[in-house]
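Take a look at the structure set out below.
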Amino acid sequence: MSFNVLIVDDSSSMRAVIKKTIRLSGFDVGEYLEAGDGREALELLSNKWVDLVLSDINMPNMNGLEFIAEMKKNELFSSIPVIMVTTEGSEKNIQESIRLGASKYIKKPFLPEDIKKAMHSLVGEEVRDVRGDKESDASGDF
Amino acid sequence: MEIVVGVGDMKVSNNPEAVIITYALGSCIGVAIYDPFVKVGGVLHYMLPESSLDPGKAGKNPFMFGDTGIPLLFKETYKYGATKNRLKVMVLGGAQILDQGGLFNIGNRNHTILRKMFWKNNVTASFEDVGGVVNRTLKLEVKTGEALLKISGNESRKIPWI
Amino acid sequence: MDLDIIIRKIDSLSPVSVTGSKVMEIISNPESSLGEIVDVIKYDQGLTANLLRLCNSAYFGLRVKVESISQAVAYLGLTKVAGVVMMASLSKNLTAAQKGYDLNEGELWKYAVSSALIVQSLAEKRNLGNIPCLFTSALLKDIGKVILSTHIRDAFQQIIIKVQKEGLTFLEAEKEVLGIDHAELGAMVAEKWRFSPEMVFIIRNHHDPMKILIGDDLSIPIIYLADTVCMMVGIGGGADGLAYRYYQEVMDRLDFTELDLQKTIADFWEKNKSVEEMINISGGH
């Protein structure tokens, strides 16, 4: 069973930074999915299983708060944990994201430790894909 | 005739006299499935999410873990003529200690692995009662598919899932 | 006053046998040597017979059949033997059904034994010095439920509403509605039976692990952890379910990771059948 992460941010370089940070933390992620805004993210969620979402707030088309609100309304995705990673440090936005269902909030600029700690607390300390087969596993099908 | 499913256990039956029972699903997850056409029912009671924790133990008892137990539950019912598109699915359990949050939340982890496997295999639960701080007990009557759920602190109630 | 009635019920519990009391005294007293236990129990034929049956059960995995107390001690060690003696001595009070808590016959005892065995294994891994104390405290920690059961049944609606609507733990709800909770009562029983002050303290606070035992950091955390494991696996889950508070600090103090928790659950399950056998033997079935 591979562990998939969805990164939502309108800046491709920021998405790359987050991806690298997660990799360096030692989490064995199966697949990284990326979206430039909330709408794209919802589309991806409908097509692929995601174990964890990291999302910015300020994005065009559908911002992070609207995105998380939509996500939590949908039974299929509502239990997937979301970490907000954003420059938006205002108390109001922090409260609002938590109220809408975000599990954690990390302010940019962040240290790799911040992401690692947040992920640890949400998904456990080890994420291992023992079988190494990232494609659908025969014994897991029914 | 009672068929008891213990902790880390799975039973399937098409015997019309049978009532499959599983007790005290704390943080464990109980998955009950029933095909009303061929009248086959099955219950899985698993304790932990992923078998990668201890492949040796999973080899000895695949029903201890969600990722190994769930496929086997379904596949066992297929042997009795059940088909995936007809099977009704009920998910119970995954309780947690008060104020548990995300850490060490085995109940939550157990539920998450189930959602993942259901997702991958195109299965949707007809009924779910998951979470909270309660213990749940389930009785499934094979003849009719009738399911009785008892939540600690409350009376038994019939579940509308068929 | 209802509270007096409740407290007076402590006297109605089956007194622990003379032998059992003597063993408890030895265990409670840090000055005494566990070897004294052998001298005490060898005169109690019934207890010895029970003890040997338990030692020979699959749980201990002995290849040789043990036929005397000294053999039992030689193969299992004094600590384990002391624990088994306590199981044999205390079961009478804990095996009955407790309707108020929605526990069928044997379920409270199963909870007691399971948590004690988990405590033992966790304590052994950490080389703790007071294992018989911890084992016995774990066995006895919920004796308060035996006393409170009928009162819980009578006031159940009030209590469960507090849990369901006000988010109180079951323990807090017991206290608010009845004026006392099962941990406080259990501690009173332990005191009456002349357990050491440490054991009384442990029993009093087994749901309140933020209380630190003076000079000893790990006793309550370990008992709390064993309790938590049992709850998660559905053991002892009566009307109170899992309505007790979670403390991450306990896991941190024990350096216990989530993986450790999962492994503990998996390990305990593996022993499940043999634990069941022990429970049946000690419960007198």
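No value in this document is a laboratory result; all are computed from the given coordinates. Model, not experiment: these values are computed from the prediction. Cβ placement follows ideal geometry from the backbone for every residue including glycine, while neighbour counts extend to all protein chains displayed.
Angle between the Cα long axis of helix A:64-73 and the longest principal axis of chain A, 0 to 90 degrees, nearest 10? The two axes meet at around 50 degrees.
For B:37-50, what's the mean count of beta carbons from other chains sitting within 10 Å of each residue's beta carbon? If you can, show how the numbers build up before the last one.
Values: counts 0, 0, 0, 0, 0, 0, 0, 0, 1, 0, 8, 8, 3, 6.
Mean inter-chain Cβ contacts per residue within 10 Å come to 2.
Computed on chain B, with alpha-carbon pairs under 8 angstrom and 6+ residues apart, the relative contact order is 27 percent.
Overall form of chain C: prolate. Here a/c, set by the Cα gyration tensor axes a ≥ b ≥ c, is 1.5 or more, and a/b is the larger of a/b and b/c. Summarising the label geometry, the points placed 7 Å from Cα in the beta-carbon direction at residue B:99 and residue A:95 lie 2.3 nm from one another. Inter-label distance, residue A:141 to residue C:32: 6.6 nm, where each label sits 7 Å from its Cα along the C-beta direction. With 24 Å as the limit, the listed pairs C:125/C:271; A:73/B:120; A:116/C:125; B:11/B:79; B:60/B:88; A:73/B:75 have A:116/C:125; B:60/B:88; A:73/B:75 beyond it between alpha carbons.
Using a simple spin-label model with pseudo-atoms 7 Å out from Cα toward Cβ, residue C:13 and residue A:43 lie 6.7 nm apart.
Looking at segment C:177-283, the trypsin sites (Lys or Arg not before Pro) that sit in a DSSP loop and have at most 15 other Cβ atoms within 10 Å of their own Cβ are C:194, C:211. Of interest is the spacing of the C-alpha centroids, which for segment B:1-63 and segment C:87-162 amounts to 27 Å.
How would you order B:142-155, B:58-71, C:62-75 from highest to lowest mean count of nearby Cβ atoms within 10 Å?
B:58-71, B:142-155, C:62-75
Using DSSP to define loop residues, name the GluC sites (Glu not before Pro) in segment A:53-95 whose beta-carbon has at most 15 other beta-carbon atoms within 10 Å. In loop regions of segment A:53-95 (DSSP not H, G, I, E or B), the sparsely surrounded GluC sites (Glu not before Pro) are A:75. The mean number of Cβ atoms from other chains found within 10 Å of a Cβ in peptide C:160-169 is 2, as a whole number. Determine the shape class of segment B:2-159: with a ≥ b ≥ c the square roots of the Cα gyration tensor eigenvalues, call it rounded for a/c under 1.5, and otherwise prolate if a/b is greater than b/c, oblate otherwise. Oblate, since a/c reaches 1.5 and b/c is not below a/b. Across peptide B:90-99, the mean count of Cβ atoms from other chains lying within 10 Å of each residue's own Cβ comes to 4.
Could you please rank C:86, A:14, placing first whichever residue has the fewest other Cβ atoms within 10 Å of its Cβ?
With the sparsest Cβ surroundings first, the list reads A:14, C:86.
Of the residues C:109, B:119, A:49, the one with the fewest other Cβ atoms within 10 Å heads the list, and the complete ranking is B:119, A:49, C:109.
The Cα atoms of the protein assembly as shown give a gyration tensor whose axes a ≥ b ≥ c have a/c of 1.5 or more with a/b greater than b/c, which makes the shape prolate. Any idea which of B:77, B:4, B:51 is furthest toward the positive side of the dipole for chain B, if Lys and Arg beta-carbons carry +1 and Asp and Glu beta-carbons -1? Ranked along the dipole, the leading option is B:77.
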